[in-house]
1. Can you tell me which residues in region 201-215 are surrounded by fewer than 19 Cβ atoms within 10 Å (Cβ to Cβ) and in contact (Cβ under 8 Å) with a residue 24 or more places away in the chain?
2. Can you work out which of the residues in region 226-244 that are open to solvent by less than 10 Å² (accessible area, probe 1.4 Å) and part of a helix (DSSP H, G or I) is nearest to residue 198 (Cα to Cα)?
3. I'd like to check which helices (runs of 4 or more DSSP H) are fully inside region 113-215 and have at least 3 residues that are of a type in the set (A, V, I, L, M, F, W, C).
4. Only one residue in 219, 227, 187 is more than 29 Å from residue 133 (Cβ to Cβ) and at pLDDT 95 or above. Which one?
5. Looking at (1) modelled with pLDDT under 85; (2) under 30 Å from the mean Cα position of the chain (by Cα); (3) open to solvent by 100 Å² or more (accessible area, probe 1.4 Å), which is the one condition that is false for residue 94?
6. Condition first: under 37 Å from the mean Cα position of the chain (by Cα) and more than 10 Å from residue 225 (Cα to Cα). Now tell me which residues in region 258-274 satisfy that.
7. For residue 295, state whether it is assigned to a helix (DSSP H, G or I), among the β-branched types (Val, Ile, Thr), open to solvent by 60 Å² or more (accessible area, probe 1.4 Å) and modelled with pLDDT under 90.
Amino acid sequence: MAGRYDPNPFDEEEQVNPFSNQAGRGKASGPSHYGGGAFYTTNPTSGLSSLPPERADFNYDRSAPIDIPLDSAADLKKKERELQAKEAELRKREQEIKRKEEAAARAGIVLEEKNWPPFFPIIHHDIANEIPIHLQKLQYVAFTTYLGLVLCLLWNIVAVTAAWIKLGDVKIWFLAIIYFVSGVPLAHLLWYRPLYRAFRSESAFKFTWFFLFYLLHVAFCTFAAVAPPIVFKGKSLTGILPAIDVISNHVIVGVFYFIGFGLFCLETVLSVWVLQQVYMYFRGSGKAAQMKRETARGVMRAAI
């Protein structure tokens with residue numbers, strides 16, 4: 001039978017390691033009768049030697065020294081001396097500032113820090129901490145008249161702008177801008193801040209300054225509420241006379257002027273009340289007699 005001498009696929013054959021270096025592997029082995037013929041098996045030349053093991057390198061050279069500069073003792077002492085010198089200089093400056101503040105306080109000078117309005121401080125205003133408690137209400141009402149003047153002049157710009165669009169007279173608009181730009185800061189400098197300082201320091205001279213310019217403020221509000229046709233037919237101010245004149249032609253513009261007229265009337269009435277209350281306090285607190293004595297003393301010095 002032909003298949004009698006076929007090799008058994010399940011027979012265990014010699015496992016040959018191609019990487020081992022054994023003697024005689026390159027020689028031919030004895031004949032083997034497979035299928036009736038001679039067959040010589042040869043092993044591949046195994047002249048390879050195993051490589052030595054190498055350590056995995058993850059780019060971390062742990063054996064390399066790390067050069068970390070360390071300050072020497074002399075450098076540390078030098079920095080310590082510099083810090084001590086800066087600390088002594090700051091302490092000296094603080095003492096100097098404190099000495100100046102105490103000297104200013106003894107002389108009656110108050111350092112005013114701008115704190116109002118909170119989102120963009122432009123003036124100093126602290127009624128609760130600087131004004132005597134019995135005068136705080138009157139000071140708040142006076143501050144309301146100052147804000148009322150700002151509102152009146154701002155609304156005056158709105159109404160005059162509407163009149164300019166309808167009537168085509170740009171001169172009245174420029175006048176309205178001038179009233180606002182000049183009136184708001186001058187009101188603060190000429191009568192509100194003197195009243196604030198007068199209540200804070202009880203100065204008779206500052207009371208006199210307040211009365212002089214607050215009377216001008218009341219006169220301006222009264223004039224604006226009427227707005228007689230003196231300057232550019234009076235339409236640069238939202239008084240009763242231009243309101244009547246404008247509403248006959250343009251109802252909306254006339255309504256704007258009537259609102260401005262009401263604001264100026266309210267401002268005038270409130271300002272007259274503040275003037276009356278401040279004058280009553282000025283007379284009742286003896287500041288009037290003190291001012292007369294100071295005036296007489298000044299006249300005598302000038303005469304001498």
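1. Matches in region 201-215: 201, 202, 205, 208, 211, 215.
2. 234
3. Fully inside region 113-215 and qualifying: 136-167, 170-187, 193-201.
4. It is 219.
5. The number of the failed condition is (1).
6. Residues satisfying the conditions are 259, 270, 271, 274.
7. When the stated conditions are applied, residue 295 passes them.
The rows are residues; the columns are (1) open to solvent by 70 Å² or more (accessible area, probe 1.4 Å); (2) farther than 17 Å from residue 186 by Cβ; (3) touching a residue at least 24 places away in the same chain (Cβ under 8 Å).
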residue	(1), (2), (3)
142	no, no, yes
148	no, no, yes
160	no, yes, yes
168	no, yes, no
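The values are calculated or read from the model by the stated rules, or taken from the named source; none is laboratory data. Small disclaimer: the values here were computed from a predicted structure and weren't measured. With ideal geometry, Cβ positions are generated from the backbone for all residues, glycine too; neighbour counts draw on all protein chains shown. Keep in mind that these areas ignore ligands, DNA and RNA; they rest on the heavy atoms of the full protein, side chains included. Shrake-Rupley method; radii C 1.70, N 1.55, O 1.52, S 1.80 Å.
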